[in-house]
Amino acid sequence: MPFLTEKWGNPSSLHSFGREAKVAVEESRKSLARLLNCDPTEIIFTSGGTESDNLAIKGVAMYKGKTKGHIISTRIEHHAVLEPCGWLKRFGFEVTFLPASPEGLVDAGEVERAIRNDTVLISVMMANNEIGTIQPYKEIGSIARDRNIPFHTDAVQAIGKMPLDVKADNIDLLSLSGHKFHGPKGIGALYVRKGTKIEPVIHGGGQERGLRSSTENVPGIVGIGKAAELARRDLESTSQKMKSLRDKMIKSVPEIVPRSYVNGHKTRRLVNNAHFRFDFIEGEGLILQLDFKGIAASTGSACSTGALEPSHVLLAMGLTHEQAHGSLRVTLGRENTEEEVDYLLEVLPGVVSKLREISPFNEKRPMTPGEGGSCVQ
């Protein structure tokens with residue numbers, strides 16, 4: 001709050017007000033570095049996960065390949081990865097988008113088999129933003145290191161939910177966003193391992209070691225630094241709490257709602273993510289009905305829920321358009337309580353039943369609780 005109301009200094013200025021802001025920025029850089037186990041100079045502040053992904057992918061590609069080269073990614077990435085990869089194809093780059101299993105898991109062996117002599121980058125997310133499946137990023141990082149190929153991972157969903165060590169995990173570039181671990185919106189960072197060369201995407205005053213020009217967002221940087229400090233301090237306790245609530249939802253929903261299924265891997269998933277699908281309903285209607293009950297959830301990626309198309313992640317896992325449309329993503333934060341989870345479980349069966357009564361897809365046959373299961377059928 002002081003940096004929003006009293007301390008207006010520009011960290012690039014030499015006067016005392018600027019130096020005060022500079023100290024605050026560098027303290028936050030150290031906090032993020034401790035969370036990732038890296039050197040503070042390897043942290044580049046950005047406006048969020050989307051910019052970090054763009055800087056990593058475009059930056060490495062343009063430095064390594066200039067106007068050509070091969071990139072390996074997956075079909076289940078966030079659009080902040082898929083779109084930059086697609087954009088690079090316009091300039092001569094080739095991109096291999098690897099498939100995922102019915103549980104949303106990418107095969108590290110397929111990553112290795114996709115490598116070519118001209119591969120300039122491997123970009124595979126750490127954990128999926130929709131279904132929560134944790135990818136084999138450590139194995140992929142090891143493969144990339146052995147072949148001397150930069151490895152980028154979108155860790156936006158993983159920060160604050162699981163321990164991270166960019167050195168031990170052979171990660172060269174890592175994207176994160178402040179609001180995903182209780183920091184402010186509009187601030188993020190990109191970890192860039194020393195020796196990894198990238199071209200800047202934004203040019204101007206040369207801030208952030210010349211890799212991200214623009215006057216620093218000091219209040220946002222201070223906020224993300226504090227969020228990183230708290231995430232590191234409370235990681236074990238908050239993770240255990242969220243995992244307990246998540247497991248309760250995953251166990252209960254298929255038991256109390258007929259024809260409901262859990263999407264994503266049963267064990268390799270984020271501690272705060274529960275993802276379901278329901279036969280014979282539209283996810284948009286489900287979200288609105290839950291909103292009327294005071295419950296905030298989503299039917300896909302939270303930043304693309306205005307789209308009418310079904311989730312590309314669920315389609316890549318082999319679900320049909322109709323199945324993918326009936327999805328519900330419930331994610332937990334450190335402040336969610338068991339009482340709130342119980343309330344969701346109390347109202348969900350009635351909401352689903354009401355929507356099915358008016359659904360044109362309903363088979364109009366009796367359904368019994370427990371008639372559901374996992375995504376693997």
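Can you confirm whether segment 16-23 contains a residue that is surrounded by fewer than 18 Cβ atoms within 10 Å (Cβ to Cβ) and of a type in the set (Ser, Thr, Tyr)? Checked segment 16-23: at least one residue is surrounded by fewer than 18 Cβ atoms within 10 Å (Cβ to Cβ) and of a type in the set (Ser, Thr, Tyr).
Under the condition of being closer than 24 Å to LEU190 by Cβ and not in a helix (DSSP H, G or I), which residue from segment 1-41 is modelled with the lowest pLDDT? So, considering only residues that are closer than 24 Å to LEU190 by Cβ and not in a helix (DSSP H, G or I), the one modelled with the lowest pLDDT is SER12. So which residues in segment 139-161 are buried (at least 19 other Cβ atoms within 10 Å of the Cβ), under 16 Å from GLY109 (Cβ atoms) and small (Gly, Ala, Ser), if there are any at all? GLY141, ALA144 - these are the residues of segment 139-161 that are buried (at least 19 other Cβ atoms within 10 Å of the Cβ), under 16 Å from GLY109 (Cβ atoms) and small (Gly, Ala, Ser).
Every condition in (1) within 27 Å of ILE159 (Cβ to Cβ); (2) touching a residue at least 40 places away in the same chain (Cβ under 8 Å); (3) among the charged types (D, E, K, R) holds for LYS243 except the one numbered (2). The single condition among (1) assigned to a loop (DSSP other than H, G, I, E, B); (2) aliphatic (A, V, I, L, M); (3) farther than 22 Å from GLY195 by Cβ that VAL95 does not meet is (1).
Tallying residues that are among the basic types (Lys, Arg) and within 13 Å of ASN37 (Cβ to Cβ) within segment 152-178 yields 1.
Listed here are the residues, each with its yes/no results for (1) farther than 30 Å from THR5 by Cα; (2) β-branched (Val, Ile, Thr); (3) touching a Gly at 6+ places or on another chain (Cβ under 8 Å).
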site: SER213; (1), (2), (3): no, no, yes
site: GLU216; (1), (2), (3): no, no, no
site: ALA227; (1), (2), (3): no, no, yes
site: GLN240; (1), (2), (3): yes, no, no
site: ARG259; (1), (2), (3): yes, no, yes
site: ASN263; (1), (2), (3): yes, no, yes
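For segment 24-50, filtered to residues that are touching a residue at least 12 places away in the same chain (Cβ under 8 Å) and of a type in the set (Gly, Ala, Ser), the residue that is surrounded by the fewest Cβ atoms within 10 Å (Cβ to Cβ) is SER47. Take SER123 and tell me if it is without any contact (Cβ under 8 Å) to a residue 40 or more places away in the chain and either under 20 Å from the mean Cα position of the chain (by Cα) or assigned by TED's automatic domain parsing to the domain that holds ALA24 (or both). No; evaluated as a whole, the condition is false for this residue. Within segment 179-208, the set of residues being of a type in the set (Gly, Ala, Ser) and in contact with a strand residue (DSSP E or B) (Cβ under 6 Å, 6 or more places away or on another chain) comprises GLY188, ALA189.
The values are calculated or read from the model by the stated rules, or taken from the named source; none is laboratory data. These numbers come from a predicted model, not from an experiment. Reconstructed Cβ throughout: ideal geometry from the backbone, glycine too, with neighbour counts over all protein chains shown.
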